[in-house]
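The values are calculated or read from the model by the stated rules, or taken from the named source; none is laboratory data. None of these values were measured; they are calculated from a predicted model. Neighbour counts run over all protein chains shown; Cβ positions are idealised from the backbone, glycine included.
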Amino acid sequence: MTVYWCSFAWLGGEQPDAGVEIRTDQGRIASVRTGVEPSDEATRLQGLTLPGLANTHSHAFHRALRSTTQRGKGSFWTWREDMYEIAQTLTPDTYHLLARAVYGEMALAGITTVGEFHYLHHQAGGRSYDDPNAMGEAMFAAAAEAGIRITLIDTCYLSGGFGAPLSPTQDRFSDKTVSAWKARVGDIRVPEHGRLAVAAHSVRAVDPASIAGVAEFATSRPDPLPLHAHVSEQPLENAECQATYGMTPTRVMASAGALDGDFTAVHATHLTADDINLLSSSESTACFCPTTERDLADGIGPSRSLDEAGVTLALGTDSQAVIDLFEEARAIELNRRLSSGERGHHDAVSLLEMATSNGHEALGWADCGSIAPGAAADFVTVGMNSIRLAGVEPQNYLEAVVFAASAVDVESVVVAGEAIVTGGNHVRFDVVSAMSQALSTL
């Protein structure tokens, strides 16, 4: 039994509770008491303690592009060519080093679970490794060493565009057929700190019949797997989808049987009213990645319309332009203010739910994302004494953290009852040195 005492903790209400004792046992929360003084045995967590944050959409290797694509003009499509160049250089060993550092950076930012949208499966040129899942194994190992949970979202990727052949770079993303993809995924060994999910990369990369095959694979398991897909990130994607199939990407997904309560539409930036209704009626989730969507000039997604329709919203860091879920959360509201001319679309509580319980549900970790008896013992403490947060009254802590805090304000991170960040430092390795080493190998 390990005991933590939080000066303030958010237990899901409109305001944080004071004097919260959390007892953990075998990686789970055994009890929660409020309004108590710290016992001698308790580890004291000063600040605001939140449930662990869930990064619902990540491409770890994109971290290598940070700062290198910020000169000159361009678009998502020109940025993609730079991304492909990095993808060509990675091996299981170098990707493990990079992902370990990236997941270490996520841990420092309070992220306790990552959804890794994984399509870098094979060697350059498309030949399988001796272990066809060597790259996925590298992701599982990297997360374990960083001390966080991971959902490996193994991604089916079959074409280079609508009916187009794969490019030489894209060959390493592809199993060539949905049957071969199923066979490889069926052999994945999932560790205790991991979960498995699947994805159809996009309507650009997977045809409707193959999307149906991916969806059937996800739903036919004894425990159905979460299914994710990039959906309507770019207007050109929508236009080409209409020209090819006579319908939107969301409608293609629906027609293929992909939409249900386990489906997550990533980005969902350029949706029609019908698309929103389809996501709502199927109880699907939409994952927004605002720092990437603004970095790539994708656009601003219809968060308010989705929310009003009852679609669950989650958050991801995607391209790792920055790794800061507080920034992702507030961007949902602030982007909506910019586009609408009005304030107050998403309050602090709903934004924190996007960053915690909603994301965990989308990644298959329903027992994470809350501070309650029986839940996984994953929680994060934000120090309230930085220049960004100093002087805030406790009744305003939630708003202060969502709208002013930064990843560097995270003081403590506990995963499965074990402290992996204390005093703002990772307890297992020097993340800065690890990142510098990993990037120097590319």
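Residue-by-condition table, conditions (1) within 24 Å of S284 (Cα to Cα); (2) under 21 Å from the mean Cα position of the chain (by Cα):
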residue: S357; (1), (2): yes, yes
residue: S370; (1), (2): yes, yes
residue: V380; (1), (2): no, yes
residue: G383; (1), (2): no, no
residue: R388; (1), (2): no, no
residue: V392; (1), (2): no, no
residue: N396; (1), (2): no, no
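Taking the criterion of being surrounded by fewer than 18 Cβ atoms within 10 Å (Cβ to Cβ) and either touching a helix residue (DSSP H, G or I) at 6+ places or on another chain (Cβ under 9 Å) or modelled with pLDDT under 95 (or both), the residues of the range 7-30 that qualify are G12, G13, E14, Q15, A18.
When residues in the range 54-76 are screened for being of a type in the set (S, T, N, Q) and closer than 22 Å to I153 by Cβ, 3 of them pass.
Quickly run through the range 399-442 and pick out the residues that are β-branched (V, I, T) and surrounded by fewer than 19 Cβ atoms within 10 Å (Cβ to Cβ). The answer is V408, T422, V427, V432, T441.
If you go through the range 132-181 and keep only what is assigned to a helix (DSSP H, G or I) and under 12 Å from L120 (Cα atoms), you end up with A134, M135, G136, E137, A138, M139, Q170, D171, R172, F173. Look at (1) more than 23 Å from the chain's Cα centre (by Cα); (2) outside any loop (DSSP other than H, G, I, E, B) and you find that G74 fails only one, number (2). Filtered by the rule that a residue be modelled with pLDDT under 95 and assigned to a helix (DSSP H, G or I), the range 86-125 gives I86, A87, Q88, T89. Quick one: is A180 at pLDDT 95 or above, of a type outside the set (D, E) and more than 30 Å from I420 (Cα to Cα)? Against the criterion (at pLDDT 95 or above, of a type outside the set (D, E) and more than 30 Å from I420 (Cα to Cα)), A180 qualifies.
Applying a threshold of 7 Å to beta carbon distances and a minimum spacing of six or more residues, or different chains, the list of pairs starting in the range 32-58 at a residue that is assigned by TED's automatic domain parsing to the domain that holds E411 and among the basic types (K, R) and ending at one that is surrounded by 13 or more Cβ atoms within 10 Å (Cβ to Cβ) and not in a strand (DSSP E or B) reads R44/P38.
Residues are listed down the side, and each one gets a yes or a no for (1) of a type in the set (F, W, Y); (2) crowded, with 19+ Cβ neighbours inside 10 Å:
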{"position": "Q234", "(1), (2)": "no, yes"}
{"position": "N238", "(1), (2)": "no, yes"}
{"position": "Y245", "(1), (2)": "yes, no"}
{"position": "S255", "(1), (2)": "no, no"}
{"position": "G261", "(1), (2)": "no, no"}
{"position": "T269", "(1), (2)": "no, yes"}
{"position": "L279", "(1), (2)": "no, yes"}
